[in-house]
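Here's the structure, in C-alpha cells; my notes come after.
The values are calculated or read from the model by the stated rules, or taken from the named source; none is laboratory data. Predicted, not measured: the structure shown is a model, and the values here were computed from it. Here the Cβ is made from the backbone with ideal geometry for all residues, glycine too, and neighbour counts use every protein chain on show.
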Amino acid sequence: MIVAEDKISSLLKPFQRFGVHLGLERILKLLADLGNPQDRVPIIHVAGTNGKGSVCAYLSSILSEAGYRVGRYTSPHLVDWTERINLNGQPISNSDLAELLEEIQQVIDPEAESPTQFEVITAAAWLYFARSQVDLAVVEVGLGGRLDATNVSDRPLASIITSLSKEHWQRLGPTVADIAGEKAGVIKPQRPVVVGQLPPEAKEVVLAKAQELDAPITWIEPAREIKISAQSDATWARYQDLEYPLPLLGEVQLNNSAIAIATIKILQQQGWNIPELAIQTGMNKTRWLGRLQWIIWKNRPLLIDGAHNPAAAIALRQYVDTLNQPVTWIMGMLSTKDHQDIFEVLLKPQDELHLVPVPDHSSAEPEQLAEIAMQVCPSLNNCETHQDVFTALDTVMMAQEIDQDRLVVLCGSLYLIGHLFQRSNILNSNLLN
C-alpha cells in the first residue's frame with residue numbers, strides 16, 4: 001500500500017512545478033492523445049465557491065442508490081490522491097491510478113508545453129470513468145470554471161453553480177462579477193443549469209450568460225428544515241414536494257441539498273429512473289469528510305471543518321452558535337487566504353484561539369495570524385501559537401479536562417484537516433457523524 005502511494009506521488013511530482021496554470025489547450029491535447037475519453041462520459045458539472053463537495057456527495061450517493069454506475073471527481077483530497085476519483089462510493093485503487101498515470105506520462109510530448117499536475121490527475125479521472133463505463137460522472141470544478149481542466153464537455157447533463165463569493169480573485173478577477181463570469185463558463189448552449197444563492201451582481205452575470213446560450217436556468221431557494229416526529233432528533237428537510245433526511249451539518253446544507261434535489265429532478269425529466277426512495281436513502285447515506293464533522297480525539301469530541309474562506313467561516317460560525325457553548329479554536333491557514341475576514345466572522349469575545357502552521361503548504365505564520373486576530377478581537381480569552389497541530393490539541397484537551405463546557409473546533413484549512421487524518425489514521429474511524 002505504502003509503495004503504491006509513493007509511486008503515485010513520484011509519478012505526479014514532476015508536474016507540480018508547473019503550478020496552477022488555467023487554460024484548456026493542454027488538457028484538450030492530452031485528452032485527444034488519450035482518445036478523448038471525456039466524450040464517453042455523461043457528466044454533471046459542479047462549480048461554485050463553496051458547497052461543491054457536498055453537492056457532489058449528495059448527487060453521487062443518490063444516483064448510486066438508484067442503481068447507476070456513478071463516477072465522482074473532486075478536489076482537493078484529504079489524505080491521498082485516490083480520494084479524488086471515486087466509483088460508486090469507492091476510491092480508485094492505488095494500482096489502478098498508478099497504471100493510468102504511467103499511461104498518461106507516455107503520451108505526453110516532452111517537447112511540448114507540459115500539462116499541470118491538476119490536468120494530469122483530471123485526465124486520469126476521465127480515463128478511469130470511460131473505461132469503467134460509468135452511466136454518468138459528477139465532476140467538481142477545480143478552480144473557476146471557464147478555463148478549468150474539467151471544462152471539456154460540451155453537453156453536460158446539467159451544470160451547477162452552488163455559490164459565489166470573492167475567493168481566488170488573484171486568478172479569477174478582482175470583482176464578484178469577474179469571478180461570476182469565470183464560474184459561468186460551465187454553462188453550455190441549451191443545457192440546463194442549476195444555481196444556488198448568489199450576490200446580486202453575480203446573479204446578473206450568470207443570468208446574462210444563460211440567456212446568451214439559451215440555457216434553461218433553475219434558481220434555487222433553500223430547503224426548509226422540518227420535524228418528522230417529536231421522538232426523533234434526526235434532521236429532515238423539504239424541497240418543493242420532496243421530504244428527505246439531511247445528514248450533513250449546518251444551515252448551509254439547506255441550500256446545498258436543494259441544489260442536489262433540483263438537479264435530480266432535471267435528470268428525472270431527461271428520462272433517468274430515480275425513485276423517491278432512492279433519493280431519500282441516498283441522501284441519508286451521504287458522507288463528506290472534513291466539513292462540519294465530529295470526531296473523537298483522545299476520548300473527547302472535536303469539531304473539524306475546512307472553513308478556508310469567509311463564506312465557509314460564516315457557515316461554521318452559524319452552526320457553532322446553535323450549540324451555545326464557549327469556543328476554543330485551533331486554526332491554521334494558508335498564506336493566500338483572507339485572514340482578517342475569516343477572523344472577523346469566527347472570533348467573538350471570550351473565545352480562545354490556538355494558531356498552528358499548515359504543514360507542507362504555503363502556510364501563514366502563526367505569530368502573524370495572532371497579531372491579526374488580536375486586532376480583530378482584542379477581547380479573546382486567550383491567544384497562543386504552537387509549533388504543530390498536535391501540540392495545540394494536547395494543550396487544549398488538557399485544559400478541557402478542567403473546563404469541559406468549552407467546544408473545541410479545528411479549522412482554517414482542508415490541508416490541515418488532511419494532515420490530522422493522515423498522521424492519526426482516523427479517516428475511517430473515530431467518527432461521531
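Results, tabulated for the structure shown:
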| read-out | value |
| --- | --- |
| Filter result (small (G, A, S) and assigned to a strand (DSSP E or B)) within segment 33-47 | A47 |
| Residue tally, condition among the small types (G, A, S) and either touching a residue at least 24 places away in the same chain (Cβ under 8 Å) or part of a strand (DSSP E or B) (or both), over segment 209-242 | 4 |
| Residues within segment 105-117 that are within 28 Å of N88 (Cα to Cα) and assigned to a helix (DSSP H, G or I), tallied | 2 |
| Residues that are under 14 Å from L414 (Cα atoms) and either outside the structural domain of R406 (by TED's automatic domain parsing) or assigned to a loop (DSSP other than H, G, I, E, B) (or both), drawn from segment 333-359 | M333, S335, T336, K337, V356, P357, V358, P359 |
| Among (1) buried (at least 23 other Cβ atoms within 10 Å of the Cβ); (2) in a loop (DSSP other than H, G, I, E, B); (3) in contact with a Gly (Cβ under 8 Å, 6 or more places away or on another chain), the one test that N50 misses | (3) |
| Residue count, segment 251-274 (criterion: surrounded by fewer than 21 Cβ atoms within 10 Å (Cβ to Cβ) and touching a helix residue (DSSP H, G or I) at 6+ places or on another chain (Cβ under 9 Å)) | 3 |
| Unmet criterion (only one of (1) touching a Ser or Thr at 6+ places or on another chain (Cβ under 8 Å); (2) more than 23 Å from R291 (Cβ to Cβ)) for R406 | (2) |
| Selection within segment 116-131 - crowded, with 16+ Cβ neighbours inside 10 Å and either more than 18 Å from A149 (Cβ to Cβ) or of a type in the set (A, V, I, L, M, F, W, C) (or both) | F118, V120, I121, A123, A124, A125, W126, L127, F129, A130 |
| Where a residue in segment 18-35 is aromatic (F, W, Y) and its partner, wherever it lies, is modelled with pLDDT under 85, with Cβ under 7 Å and at least six apart | none |
| Which listed residue is touching a strand residue (DSSP E or B) at 6+ places or on another chain (Cβ under 9 Å), assigned by TED's automatic domain parsing to the domain that holds I8 and farther than 19 Å from V41 by Cβ, from I121, I161 | I161 |
| Tabulated pairs, segment 251-262, first over 16 Å from W219 (Cβ atoms), second crowded, with 24+ Cβ neighbours inside 10 Å, C-beta under 6 angstrom, 6+ apart or interchain | V252/A315 |
| Matching residues, segment 294-316, being of a type outside the set (D, E, K, R) and part of a strand (DSSP E or B) | W294, I295, I296, W297, P301, L302, L303, I304 |
| Condition check for N86: touching a Phe, Trp or Tyr at 6+ places or on another chain (Cβ under 8 Å) and among the polar types (S, T, N, Q) | yes |
| Qualifying residue in segment 118-130 (condition: assigned to a loop (DSSP other than H, G, I, E, B), in contact with a Gly (Cβ under 9 Å, 6 or more places away or on another chain) and not basic (K, R)) | no |
| Members of segment 60-81 found to be within 27 Å of L12 (Cβ to Cβ), of a type outside the set (S, T, N, Q) and either without any contact (Cβ under 8 Å) to a residue 24 or more places away in the chain or part of a helix (DSSP H, G or I) (or both), listed by number | W81 |
| Any hit, segment 250-271, residues being assigned by TED's automatic domain parsing to the domain that holds E83, modelled with pLDDT of 95 or more and either closer than 25 Å to D405 by Cβ or assigned to a loop (DSSP other than H, G, I, E, B) (or both) | yes |
| Qualifying residues in segment 82-115 (those that are more than 14 Å from S9 (Cα to Cα) and among the hydrophobic types (A, V, I, L, M, F, W, C)) - the one surrounded by the most Cβ atoms within 10 Å (Cβ to Cβ) | I85 |
| Selected residue (criterion: surrounded by the most Cβ atoms within 10 Å (Cβ to Cβ)) from residues of segment 352-387 that are among the acidic types (D, E), at pLDDT 95 or above and farther than 17 Å from L302 by Cα | E384 |
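Matching residues to (1) under 26 Å from P91 (Cα atoms); (2) β-branched (V, I, T); (3) at pLDDT 95 or above:
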{"site": "E276", "(1), (2), (3)": "no, no, yes"}
{"site": "K285", "(1), (2), (3)": "yes, no, yes"}
{"site": "L289", "(1), (2), (3)": "yes, no, no"}
{"site": "K298", "(1), (2), (3)": "no, no, no"}
{"site": "P301", "(1), (2), (3)": "no, no, no"}
